[in-house]
Each structure stands twice: as C-alpha cells, then as structure tokens.
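Input: a single structure, listed below in structure tokens.
The values are calculated or read from the model by the stated rules, or taken from the named source; none is laboratory data. Since this is a predicted model, take the numbers as computed values, not measurements. All Cβ positions, even for glycine, are placed from backbone atoms using ideal geometry, and neighbour counts span all protein chains on display.
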C-alpha cells in the first residue's frame, strides 16, 4: 500500500470516518426536528443537548456541563440545540456558538467555537474558537462575557 493509499484509508471523498459520522448525526437531527415539526419546544432541544452531554466521558463531559451552564445563565436568549452531534446554541435558528468535545475528532483539546452570527467582531481580525483543557474562574468569566457579546 502506498503512502497516499494509507493516508486515504478511512476517508471517503475526502471525509474522515469521524466527519462522516458527524454528518450522519446532523442528518438524524434534521429528521428528528422535522418529525417534531411545530410541536418542537426549546425544552425538547434542551433535553437533546443534555442527553448528548451525558454521553460524553471524562473532561469532555465536565467541560460541556460547565459550558452549558455558563451559556444558559449568561445568554438565556440563545436556544440550545444539537449541531452535528455537538451541543450548540442558536439565535433566530442560526448557530451562534458550540462546544466540540475533544473526543469528537480525536483532538487533544475541546473547543468552544463561534459562528458568523456571533457578534464578536473586533476590528479586522478576532478569534472564533477557543481551546479548552480546563476551566478556571477567570476562564468562566471570560466565556460568560463572550457569549453575552456573541448573543447581543
């Protein structure tokens, strides 16, 4: 087997197995939302997010629980929902921020990410993702301020 073949093993059309799994999760999330239709409530979405967090192990779970609590307290206007199998928080149906556990793509750290709808613009360049390995009181205060700004 050549090096190129070895590198491509586990991929399909350029996607890794983990990426394909995330896309399948997203398709399931969309089907579930369509089945719920107009009956869907924020409480349903919150249960889905909490169930996904409960599936996580170790540091990922601890970080996700804290991030969820910080976002719900600091930016209650953001609605929890699953996004590619990750806890996410939306405004007007658009994902503002999300928590990506380290195990999701076998990374060495979890990530708190922000998408385009997040109101974090600061000049011509600003961060849109933060690596998380632990949360100090200062980190929690900074995250709270970021999500408040992002949701504004």
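The table below lists the values:
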{"quantity": "Any hit, the range 71-91, residues being free of Cβ contacts under 8 Å to residues at least 24 places away in the same chain, within 13 Å of the chain's Cα centre (by Cα), farther than 18 Å from residue 22 by Cα and loosely packed, with under 14 Cβ neighbours inside 10 Å", "calculated": "no"}
{"quantity": "Residue within the range 115-128 that is assigned to a strand (DSSP E or B) and under 12 Å from the mean Cα position of the chain (by Cα) present", "calculated": "no"}
{"quantity": "First in the range 101-118 and surrounded by fewer than 17 Cβ atoms within 10 Å (Cβ to Cβ), second anywhere and assigned to a helix (DSSP H, G or I), Cβ under 6 Å, 6 or more apart", "calculated": "103/60; 105/18; 109/102"}
{"quantity": "Flag for residue 98 being surrounded by 20 or more Cβ atoms within 10 Å (Cβ to Cβ), under 19 Å from residue 26 (Cβ atoms) and within 17 Å of the chain's Cα centre (by Cα)", "calculated": "yes"}
{"quantity": "Residue check, residue 85 within 19 Å of residue 135 (Cβ to Cβ) and out of contact with any strand residue (DSSP E or B) (no Cβ under 9 Å at 6 or more places or on another chain)", "calculated": "no"}
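This table checks each residue for (1) at pLDDT 85 or above; (2) under 24 Å from residue 146 (Cβ atoms); (3) in contact with a helix residue (DSSP H, G or I) (Cβ under 6 Å, 6 or more places away or on another chain).
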| site | (1), (2), (3) |
| --- | --- |
| 36 | no, no, no |
| 47 | yes, no, no |
| 59 | yes, yes, no |
| 64 | yes, yes, yes |
